[in-house]
Each structure stands twice: as structure tokens, then as C-alpha cells.
Amino acid sequence: MSNYVYVHKDVVDILMPLLTGEEIKVYMFILRHAHGFNRPSARLSLSFIQNGNDVAGDLTQVKYNGVNLSRATIAKAINSLVEYGFIKKYDVNREGTLYGIGDNIRVDELNARSRIQSRKNKQKMARIVKKGKR
Amino acid sequence: MAKFDVVPGWFQTGNFVVDDLMHLLTGSEYKVYMFAVRHIYGWQDKVERGYAHISLTMFEDGFSRFGGVGLSRPTITSALDQLVQYRLLVKIGKASNKGQAWSIGKDIDLDGLIERNINKGKGSKESLPVKEFNQNQLNDLTASSKNSLPNQTQDQKQGKHAPDGDARPRDVVFDWLAENMYNLNLDTINKSYGGRIAKTKRVLSEIHRNNGTELTPAHLDKFKSWWAREYSGLTMPRDAVKLSEYYLEFYGSHKASRPSPQSEAKRRIVLSMRAQSELGYETITKGLFNDEIEAKIAEYEAMEEMS
């Protein structure tokens, strides 16, 4: 573990309970490929985020793994990360989309989403408990 | 926390965690692992110590201004079990009133993780232990719980279970369609074909259901021979809707050529009355059938067939 990527403490302390596991994975991947290379942004394609790069025996290239999620899940995670200001989407070209790390996160909206989700979970649990009692 | 500050707010995570580990862990495992890393290496004074006490409640709800992982307790427990199994996290000593002490594992079982990842996609369910079913447990259930149990098929009720290794009995109609329409090997039907075959089966079954009958392979065999007769040289359409149009045509012609049970009964009554008059019965009774009359009816039917 000689090289490191810097993660903001608030991502783990405050935002982790508000994000899903898939969103965290995609966010960390983009952070790694932007800040991990001392760049403000990184151009990444969906297939690269999904499966990493295919070095196919080329020893001159470094192999990077993807996040190992389905394409639809990644697209959904990216959309919600953009919506809540975690990442920024710039231009799109043949090589992929240019993503930057956002610095203005909409915590209130995230909290609202989390509250709705927890209310739904509680209702679901109540239904299960009620069904079990019956 | 509207904007991220500069350096003081950041903590280091090994590139290895993102590059080589993240794709092998599930979302919940990754969250739990990141949380542990944050609370073990996130404070300068604790870095050298190399471990931290993190209780389950802290994983779940966090403490003071620090949030938890946002997962339910069972999910956290199963994620921790997996992380311990693959030596990503190491338990130090026994849990105290401060919680369990955790350290980050240095000797990670990467091979095991890779193997788990490979097995995840292909039938890992087969390797899961199946709890033995005890019939007596059913007696302890309430009436409503019994209602929520899956319905048994007729074969299961009669104790005709599928052979070992084949959990569900094979669907003969599905198999017929796969073999005859798609020329598929039954052991290697992929998802896309499976969906199309199931749709075709649904559409054809609906036609039969509307007429109060049930679709069987015998019907499909007849349909196949009818197709060969009527549309020789043409391949059977694979599209469910198009096929259903032809099937309706086949079903209509087949139904028209076959007398209904009511008309058959009426015909026999007429023949019986004819037989009675020819045999010289004094009174002709509607619906009288005896050996003599039956023999005469058989004679009439044979004559009809000859003509």
C-alpha cells in the first residue's frame, strides 16, 4: 500500500449513511481516477467503470479493475451522484465522459431522500411484522 | 458541510483498496470496510496503534457527528462476517463494553475473494446448504401461515417428486416449444430464448384457457402436422403474436371439424328413434338405448362412414 488516494472525511462520516453501496463504489472509482492521478477530472467510459481496462497481455499498461456492477446500476448511480453534486459531468466524446469531483453537495436533499427511504423501510418492516403476527 | 475544505479534511486510502479490492466486494461490504478504515486510520493518534474499538451500534448509527454506514444490523453483521472470513478485517481479542476491537488485515485472502466473485455469477445457489425439511414443522404453523406457503403441484401432492438434481419438474410444453420451434438443446437454454418461449407458451395457453381446455404437447404435435399440411415449405413463425394468429386458425378449423358433445348426443337420439321405427317398436321413446338399438346405430354409423 505505498500509494494513496485522498478521501474527504465527510464522505465517510456524513455522506456514507446517505449513499447506497453502489453509489459509494462509483464515487470512489471516479475519485481514484481523478484525484488519484493529480487531475481535477477524468475521462471515463461506462465500460471502463464497469470492467476496467482490457490490457490483454500488454505488459506496458497497468491493469485497472472496474466496479463490477451492471451497466444500468452504474448509470443510475452516476445520475444520482450528479444530481446531488458529488460529481460533475462535462463533455462527452468517443472515449467517454469527462467527470470532475463536485464540491457543492446537496446534503439537505440527500437527507430528504434518506428519510423517505427509511420511512419506506419502516413501513415494509411493519408490514412484515404484522403479517408474521397474523 | 456545503463545500469540501482543503487538506485537513482528507484521509488516505490505499490505491489498492479501490484498484484491486473494490470490484471484489459488494456495496455493503465496501461501505463497512471503508468505515472501519476511516475509524482505524482516520485519526493521527490512532494510526500507530493500528486498531480501534467499533461496536455494532457504531457501525449502524455512528456517534456524535459521525454517521454510521446506513445499513441494517443484519446486513452489517453478514458483511463483517465476510470481511473477517477473507481477512480484510481482523478481530482483536473479545468484545468489551467499548465494542469489538478491529484492525485492518494485512494478509488478505485475495484468491478466495476472486473465487467467490467467479462463483457469484454461476449457480452459487447450488453450493448453498439446503435446510432439511421437516414435515412436523408444518403442524406448528398457523392457518394464515400455511396459506402463505407456496402451492404444491398435483405431482408434489401425490409424492411424485422430480428426480434428484432437478428441483422443479420439467414443463413439457415449454420443452416442446424449445425443441421444435427454436431447435434448442434443453440443457443450454439462455435467458433471452427462455423469455420468448415462455411468452409463446403463455399466448397459446391463453387461447386454450378461453375455450376451457388445457394446452398439451399433443395439441402442439397436431398443430405442427397441420402447419406442414397447410403451409408446406414455410417455417413456423417464432413471434408469439404471429404464431397465435396461425394457432387460432388451426384451433378454429380443428374445433369445427370435431362435433361437440351436445350435438353428438342429439345425433344418437335421432338414430335411436330411427332404429326403433325400423325395428317395429310400437311406441317410440326418446333416448332409449338397448343392445338391439345400439347394434342398429353402429350399423348406421358404418353406413355413413362408407358413404
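The values are calculated or read from the model by the stated rules, or taken from the named source; none is laboratory data. Small disclaimer: the values here were computed from a predicted structure and weren't measured. Positions of Cβ are backbone-derived with ideal geometry, glycine not excepted, and every protein chain shown enters the neighbour counts. We work out accessible area using only protein heavy atoms, side chains counted, and drop any ligands, DNA or RNA first. Shrake-Rupley method; radii C 1.70, N 1.55, O 1.52, S 1.80 Å.
Scanning segment A:4-42 for residues that are without any contact (Cβ under 8 Å) to a residue 24 or more places away in the chain and among the polar types (S, T, N, Q) gives a single hit, A:Asn38. Quick check: anything in segment A:52-62 within 13 Å of another protein chain (Cβ to nearest Cβ), touching a Ser or Thr at 6+ places or on another chain (Cβ under 9 Å) and aliphatic (A, V, I, L, M)? No, segment A:52-62 contains no residue that is within 13 Å of another protein chain (Cβ to nearest Cβ), touching a Ser or Thr at 6+ places or on another chain (Cβ under 9 Å) and aliphatic (A, V, I, L, M). Using the structure shown, decide if A:Ala77 is under 20 Å from B:Leu24 (Cα atoms), open to solvent by 60 Å² or more (accessible area, probe 1.4 Å), aliphatic (A, V, I, L, M) and without any contact (Cβ under 8 Å) to a residue 60 or more places away in the chain. Criteria not met by A:Ala77.
Report yes if some residue within segment B:99-114 is open to solvent by 70 Å² or more (accessible area, probe 1.4 Å), among the charged types (D, E, K, R), farther than 27 Å from B:Val17 by Cα and modelled with pLDDT under 85; otherwise report no. It would help to see each step written out before you state the result.
We begin by selecting, within segment B:99-114, every residue open to solvent by 70 Å² or more (accessible area, probe 1.4 Å); these are B:106-107, B:111, B:114.
From the residues that got through so far, the ones that are among the charged types (D, E, K, R) too are B:106-107, B:111.
Now restrict to residues that are farther than 27 Å from B:Val17 by Cα: none.
No - not one qualifying residue is present in segment B:99-114.
Scanning segment B:271-289 for residues that are out of contact with any helix residue (DSSP H, G or I) (no Cβ under 9 Å at 6 or more places or on another chain) and of a type outside the set (Ser, Thr, Tyr) yields B:Met273, B:Gly280, B:Glu282.
I'm trying to understand the selection: among the residues of segment B:19-75, which are basic (Lys, Arg), more than 10 Å from chain A (Cβ to nearest Cβ) and touching a helix residue (DSSP H, G or I) at 6+ places or on another chain (Cβ under 8 Å)? The answer is B:Lys46, B:Arg73. Consider segment B:56-98 and keep the residues that are closer than 29 Å to A:Gln117 by Cα and of a type in the set (D, E, K, R). The one that is modelled with the lowest pLDDT is B:Arg65. Consider segment A:42-51 and keep the residues that are more than 9 Å from chain B (Cβ to nearest Cβ) and outside any strand (DSSP E or B). The one that is nearest to the chain's Cα centre (by Cα) is A:Ile49.
Looking across segment B:172-204, the residues that are open to solvent by 40 Å² or more (accessible area, probe 1.4 Å) and assigned to a loop (DSSP other than H, G, I, E, B) come down to B:Asn183, B:Asn185, B:Ile189, B:Asn190. No other residue among A:Leu31, A:Leu69, A:Leu81 is modelled with pLDDT of 85 or more and assigned to a loop (DSSP other than H, G, I, E, B) apart from A:Leu69. So, in segment B:21-67, of the ones that are of a type in the set (Ser, Thr, Tyr) and open to solvent by 10 Å² or more (accessible area, probe 1.4 Å), which residue ends up nearest to B:Asn97 (Cα to Cα)? This residue is B:Ser55.
Among the numbered conditions (1) in a helix (DSSP H, G or I); (2) within 14 Å of chain A (Cβ to nearest Cβ); (3) open to solvent by 60 Å² or more (accessible area, probe 1.4 Å); (4) out of contact with any Ser or Thr (no Cβ under 8 Å at 6 or more places or on another chain), tell me where B:Asp81 comes up short. Only one criterion is unmet by B:Asp81, namely (2).
Among the residues of segment B:192-214, how many are touching a Lys or Arg at 6+ places or on another chain (Cβ under 9 Å) and modelled with pLDDT of 85 or more?
Residues in segment B:192-214 being touching a Lys or Arg at 6+ places or on another chain (Cβ under 9 Å) and modelled with pLDDT of 85 or more: 1 in total.
Between a first residue in segment A:96-119 that is within 12 Å of chain B (Cβ to nearest Cβ) and a second residue that is open to solvent by 40 Å² or more (accessible area, probe 1.4 Å) and of a type in the set (Lys, Arg), which pairs have beta carbons less than 7 Å apart while being 6 or more apart in sequence or on different chains? If the second residue must be open to solvent by 40 Å² or more (accessible area, probe 1.4 Å) and of a type in the set (Lys, Arg), the pairs left are A:Gly102/A:Lys88; A:Asp103/B:Lys3; A:Asn104/B:Lys3. The numbered conditions (1) more than 16 Å from the chain's Cα centre (by Cα); (2) part of a strand (DSSP E or B); (3) without any contact (Cβ under 8 Å) to a residue 24 or more places away in the chain are all true for A:Lys89 except (1). Quick one: in segment A:1-41, of everything that is crowded, with 19+ Cβ neighbours inside 10 Å and farther than 26 Å from A:Glu109 by Cα, which residue is farthest from the other protein chains (Cβ to nearest Cβ)? My answer is A:His33.
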